[in-house]
Amino acid sequence: MTTLRFVFGDQLSTTLSSLEDLGKNDIVFMTEVNEEATHVKHHKKKLVFIFSAMRHFAHALSRRHDRVIYSYLTDSDNQGSFTKECQRIIQKHNISKIIITEPSEYRVLEAVKSWESLFKIPVEIRQDERFLCSKSRFFSWAKDKKQLRMEFFYREMRKEWDILMDGSNPVGNQWNYDDENRKSPDKNMIIPDLFKVKEDAITQTVKDMVAEQFSDHFGDIEPFHYAVTREDALLCLADFINQRLVSYGTYQDAMVMDEPFLYHSLISLYLNCGLLDPLECILEVQKAYHNKKAPLNSVEGFIRQILGWREYIRGIYWLKMPGYDHENGLNAHRSLPDFFWTGQTSMACLKQAITQTKENAYAHHIQRLMVIGNFALLAGLNPVEVNEWFHIVYADAYEWVELPNVSGMVLFADGGVVASKPYAGSGSYINKMSNYCTNCVYSPHDKNGKKACPFNYLYWNFFIENKEHLEKNPRIGMAYRTLARFDDKKQETIQADAMAFFDSLISYDDV
Ligand code: FAD
Ligand code: DLZ
Ligand code: SF4
């Protein structure tokens, strides 16, 4: 009679609920499976990160528990999927019960739910306690609410966890310092070098394996400097707090040529696979505020992202699945242009954001939201294709966090659940928040014609194309009032420029 504790690649936490009360005779099982690596064709660097982190975690676990079984992707008996691997282990080790922490994705949870009847043994699915808001807590918050705005959810979380609180009031008497998170980049910015982890032999082996097995996947393996152990992830967090937190808030929305990381933390990949715990990150950053190492706009801005946005996004995912992955509220249908895979475009902002994504499996929030995402929104790209791209290219991407960000925050495909209005921006926004435009063949000041920044005419074309969906939204009234002042000729010019631009995106293969 042996119990199997099945641990997934994004459950690399020793505090995991499925590892509580671990019996001496229990088997802890982890497996690298082709189905996960190719379900969407993940970025090569992301695969190196996940597999190396999994191998390190299994090694660390086997130092304190005798029965850890790890199945390598290239093992001859590896069956290639979670279900088939589970079946193999059950048969080989005469397993009588499975204990598992609930998977983070709907697709995998559905598979796990079928195991009890498939394998004819009990399957105990435990809650994932690594989040600060349980699913049921989020559902009760959402119940009967007309609008599910992150800001109000965030305030409840602040009170519930007593974070940045002064009694019942927010520290500084203000909940949100968003308006102090929007400074344009300037010449005084001194950007610290990123803390880079030196790779070890395990990572080197994984790199060779990924290069061989997944050569047709997007992205660069080199250079690889991400942490793959909890110890190194903690060093990355400490480095962020010591070097970059101080300016994080002020320049949170800024974008600078050839500076992919700026003052961001780069911890999402560690949080999402379990190497770091959200509460410990929040508490460390709060401590930096109390120790006067960082200002309130940085500390609150950072805590809002984790205690607010991250938890809220997860809640929305579970509230809206299944079905959320096929929402297309604006009926957007255009295909993803080739340059999403190559970075080869004359638009400097997109070229920067996509090339850096290819190199690092990372882009910071405003690059994702206001450059790549904004383009996808304005160009009316098909949400299924856009979601797949975002799921593939980022080391921190799992459906539960990628999908609501893309379909909700960026594409307005959910009809306004996450965002009260589309985050649409013209070239002037990108020009204000970055220095990209000075290196671009287009001008952010030109509205139409060959030299005009495509974001400018695509912006107005978006409002024209989506009039029936958006005109009645009170938060977009201003845009439609401005549009109404454009004469017919101007509107025709906008549409003609947009159509010529869309035509130029169609590759010869598609014609
Ligand atoms: P920082 O700016 O240092 O922020 C700190 C932490 O806050 C992040 O590590 C992250 O855990 C959390 N956070 C911030 N914003 C969000 C958010 N909107 N949703 C959830 N968590 C947030 N984040 C992912 O973790 N995985 C994704 O697949 C993902 N896809 C995104 C797709 C789009 C289109 C957009 C607009 C955002 C997406 N985000 C995603 C959110 C955000 O862009 C990343 O979390 C952030 O860029 C990660 O970099 P960082 O760790 O340096 O973040
Ligand atoms: C992302 C990922 C990849 C690429 N590969 C694996 C894997 O081989 N084995 C594994 O256990 N987990 C992997 N993961 C993370 C899973 O996709 C993630 O745990 C599930 O989607 C959770 O529902
Ligand atoms: Fe991007 Fe337009 Fe600026 Fe070029 S001019 S970098 S396309 S915003």
Of all residues in the range 319-367 being among the β-branched types (Val, Ile, Thr) and crowded, with 20+ Cβ neighbours inside 10 Å, the one that is nearest to ligand 2 (Cβ to nearest atom): THR357
Scan the range 206-244 residue by residue and report those that are among the hydroxyl-bearing types (Ser, Thr, Tyr), surrounded by 15 or more Cβ atoms within 10 Å (Cβ to Cβ) and free of Cβ contacts under 8 Å to residues at least 40 places away in the same chain. none
Any chance you could count how many residues in the range 283-304 are closer than 20 Å to ASP253 by Cα and surrounded by 18 or more Cβ atoms within 10 Å (Cβ to Cβ)? 11
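Each row is one residue, and each column tells you yes or no for (1) away from ligand 3 (no atom under 16 Å from the Cβ); (2) free of Cβ contacts under 8 Å to residues at least 60 places away in the same chain; (3) out of contact with any Ser or Thr (no Cβ under 7 Å at 6 or more places or on another chain); (4) of a type in the set (D, E, K, R).
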{"residue": "ILE27", "(1), (2), (3), (4)": "yes, no, no, no"}
{"residue": "GLU36", "(1), (2), (3), (4)": "yes, yes, yes, yes"}
{"residue": "LEU47", "(1), (2), (3), (4)": "yes, no, yes, no"}
{"residue": "MET54", "(1), (2), (3), (4)": "yes, yes, yes, no"}
Given the conditions (1) over 21 Å from VAL441 (Cβ atoms); (2) in contact with a helix residue (DSSP H, G or I) (Cβ under 8 Å, 6 or more places away or on another chain); (3) within 12 Å of ligand 1 (Cβ to nearest atom), which single one is not true for HIS364? (2)
Expected single match for within 16 Å of ligand 2 (Cβ to nearest atom) and touching a Ser or Thr at 6+ places or on another chain (Cβ under 8 Å) among ASN448, ASN456, ASN387 is ASN387
Step by step: first the residues of the range 1-27, then only those that are surrounded by fewer than 17 Cβ atoms within 10 Å (Cβ to Cβ) and polar (S, T, N, Q), then the one that is nearest to ASP66 (Cα to Cα). Which residue is that? ASN25
Just the residues that are part of a helix (DSSP H, G or I), within 16 Å of ligand 3 (Cβ to nearest atom) and either among the small types (Gly, Ala, Ser) or under 12 Å from the mean Cα position of the chain (by Cα) (or both), please, taken from the range 368-397. ARG368, LEU369, GLY373, ALA376
Enumeration of residues in the range 79-105 that are out of contact with any Lys or Arg (no Cβ under 6 Å at 6 or more places or on another chain), under 18 Å from CYS273 (Cβ atoms) and not acidic (Asp, Glu): PHE82, ILE100, PRO103, SER104
The range 280-295 residues that are closer than 17 Å to PHE131 by Cα, paired with ones that are assigned to a helix (DSSP H, G or I) and more than 16 Å from ligand 2 (Cβ to nearest atom) (beta carbon under 7 Å, 6 or more apart): CYS281/LEU237; CYS281/ILE306; ILE282/ILE303; ILE282/ILE306; ILE282/LEU307; GLU284/LEU237; GLU284/ILE241
Quick check, is GLY323 free of Cβ contacts under 8 Å to residues at least 12 places away in the same chain and among the small types (Gly, Ala, Ser)? yes
For the range 298-323, give me each residue that is under 23 Å from ASN382 (Cα atoms) and either touching a Pro at 6+ places or on another chain (Cβ under 7 Å) or basic (Lys, Arg) (or both). ILE313, ARG314, ILE316, TYR317, LYS320
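Values quoted throughout were computed directly from the atomic coordinates according to the rules given, and no laboratory measurement underlies them. Being a predicted model, the structure only gives us computed values, none of them experimental. Cβ coordinates were reconstructed from backbone atoms using ideal geometry, including for glycine residues, and neighbour counts include every protein chain displayed.
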